[in-house]
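This report refers to the structure that appears directly beneath it.
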Amino acid sequence: MDTFERIVSDAASLSISYTATTSTSTTTVGLGYVSGRAIMALGDIALRGMERMNIEIRLRRLASRVRSERYESWS
């Protein structure tokens, strides 16, 4: 029996059981939670802006290279 066949037979013999448990709890939203969420939102906005700027810079560089290569090939 090769390794693959052993793995297949081991996998076939496995049995998986799942027991779902639920619990209910109540939490009070406090100042720390709200301010943390606000800081996270501002950080996400800042990162998206930086990412967009980085993409625009890369696209400008690529466009500049393409233009210069076209100009050199026409000369």
Given the condition modelled with pLDDT under 90, aromatic (F, W, Y) and surrounded by 10 or more Cβ atoms within 10 Å (Cβ to Cβ), answer yes or no: does some residue in region 63-74 qualify? no
If the requirement is being exposed (fewer than 10 other Cβ atoms within 10 Å of the Cβ) and modelled with pLDDT of 70 or more, which of these qualifies: G36, G30, G49? G30
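The values are calculated or read from the model by the stated rules, or taken from the named source; none is laboratory data. None of these values were measured; they are calculated from a predicted model. Cβ sites come from the backbone with ideal geometry, for glycine too, and all protein chains shown count toward neighbours.
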